[in-house]
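S.K.: Below are the structure tokens for one structure; questions will follow.
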Amino acid sequence: MPAPGNHPLGELLPWALERRNQPLTVEDLARQARMSSRHLARHFKSLTGTSPLQWLHAQRIRHAQELLETTDATVDTWPHEPAPALQNTAAPHPRARHGELSNFRRS
């Protein structure tokens, strides 16, 4: 992750991570970065190799995996994160990008 001030996205990425449990749009991210959606997409692609929403979705999945692996919580018991944000995303289904994670539920 770039250091704040050294890259146009240096402050945006930590901001987005702090809000990964909220429904965010490309327009929200662009507004926070003070650039157009198209300019944001170009910077994101050059830095991360993916689109802003794909990156955000991947961060949500990683966080969900971490919670499943390190806590006794289940997807159904998470009151705020990351389930609500994952439920409302238009990104590809988690199983398509991350194996069988979507079928993993702790009993």
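S.K.: Across region 25-45, what is the number of residues that are out of contact with any helix residue (DSSP H, G or I) (no Cβ under 7 Å at 6 or more places or on another chain), outside any loop (DSSP other than H, G, I, E, B) and closer than 16 Å to Glu11 by Cα?
M.R.: 4
S.K.: Return a yes/no flag: does region 92-106 have any residue that is assigned to a loop (DSSP other than H, G, I, E, B), touching a His at 6+ places or on another chain (Cβ under 9 Å), modelled with pLDDT under 85 and surrounded by fewer than 17 Cβ atoms within 10 Å (Cβ to Cβ).
M.R.: Within region 92-106 (the criterion being assigned to a loop (DSSP other than H, G, I, E, B), touching a His at 6+ places or on another chain (Cβ under 9 Å), modelled with pLDDT under 85 and surrounded by fewer than 17 Cβ atoms within 10 Å (Cβ to Cβ)), the answer is yes, since at least one residue qualifies.
The values are calculated or read from the model by the stated rules, or taken from the named source; none is laboratory data. Just so it is clear, the model here is predicted, and its values are computed rather than measured. Methodologically, a virtual Cβ is constructed for each residue, glycine included, from the backbone with ideal geometry; neighbour enumeration extends over all protein chains shown.
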